[in-house]
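K.L.:
This is the structure, below, for whatever I ask next.
The values are calculated or read from the model by the stated rules, or taken from the named source; none is laboratory data. Just so it is clear, the model here is predicted, and its values are computed rather than measured. Cβ placement follows ideal geometry from the backbone for every residue including glycine, while neighbour counts extend to all protein chains displayed.
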């Protein structure tokens, strides 16, 4: 029999199988071990230096003169407001002192009996006026029909029915004044009490006695520059046109 020549692997046992090992978790000592030092930078490349950030400086406050130069309009408005308030306060103080001097002069010209009578009459009239105003207000609140109410001191007018205010409107009431001169002069003052609407026009409501509630069709403001005739009531045109369809002759109007 001829012996075969060749590889010695023929008839040799199979090679051993290599099993890959699982990576082992680091032990406690390895976890606590310090990190290896960072290798030094190569000689040709210097390590960059990180500088700390510069702190932000707060904005400088303006001095009084700097504020005036920066905001001249605001400074002028403040100065004018202060001067206006001071002038108004001075005028009111002067008028009060003038009224007090006039009161003292009139009382000195009276006898003791006249002074006592004047004090009693003033107290009685003052209480009577307050009682009358309260009665008129209650009468207006108890009116079951649709009516108008004018609070003269508050400068407001209401459209009311059965104690419910359907609409509240700002108004301006003409001040007390004397119309005419000499013996024919007439003192005109805002009305008080119950009135009746006599006629209704496109821009005015006339009451018995001549008092008029009117609006200006061209100016819809109630500023001090927009005057109001003595003894009458001025209302904004928008409010007037809203209540006009509900206002009829014969309706009551209360002033208190």
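K.L.:
Here are 210, 227, 218, 250: which of them is surrounded by fewer than 17 Cβ atoms within 10 Å (Cβ to Cβ) and under 26 Å from the mean Cα position of the chain (by Cα)?
P.N.:
Just one listed residue meets the conditions, 227.
Each row is one residue, and each column tells you yes or no for (1) farther than 15 Å from residue 256 by Cα; (2) part of a loop (DSSP other than H, G, I, E, B).
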| residue | (1), (2) |
| --- | --- |
| 157 | no, no |
| 160 | no, no |
| 166 | yes, no |
| 169 | yes, no |
| 183 | yes, no |
| 197 | yes, no |
| 216 | yes, yes |
| 220 | yes, yes |
| 227 | yes, yes |
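K.L.:
Another question, then. Taking the criterion of being closer than 16 Å to residue 160 by Cβ, under 26 Å from the mean Cα position of the chain (by Cα) and modelled with pLDDT of 90 or more, would at least one residue in the stretch 238-246 satisfy it?
P.N.:
Within the stretch 238-246, one or more residues are closer than 16 Å to residue 160 by Cβ, under 26 Å from the mean Cα position of the chain (by Cα) and modelled with pLDDT of 90 or more.
For (1) at pLDDT 90 or above; (2) surrounded by 12 or more Cβ atoms within 10 Å (Cβ to Cβ); (3) assigned by TED's automatic domain parsing to the domain that holds residue 235; (4) touching a helix residue (DSSP H, G or I) at 6+ places or on another chain (Cβ under 6 Å), each residue gets a yes or a no:
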position: 111; (1), (2), (3), (4): no, no, no, no
position: 119; (1), (2), (3), (4): no, no, no, no
position: 124; (1), (2), (3), (4): no, no, no, no
position: 163; (1), (2), (3), (4): no, no, yes, yes
position: 170; (1), (2), (3), (4): yes, yes, yes, no
position: 177; (1), (2), (3), (4): no, yes, yes, no
position: 181; (1), (2), (3), (4): no, no, yes, no
position: 190; (1), (2), (3), (4): no, yes, yes, no
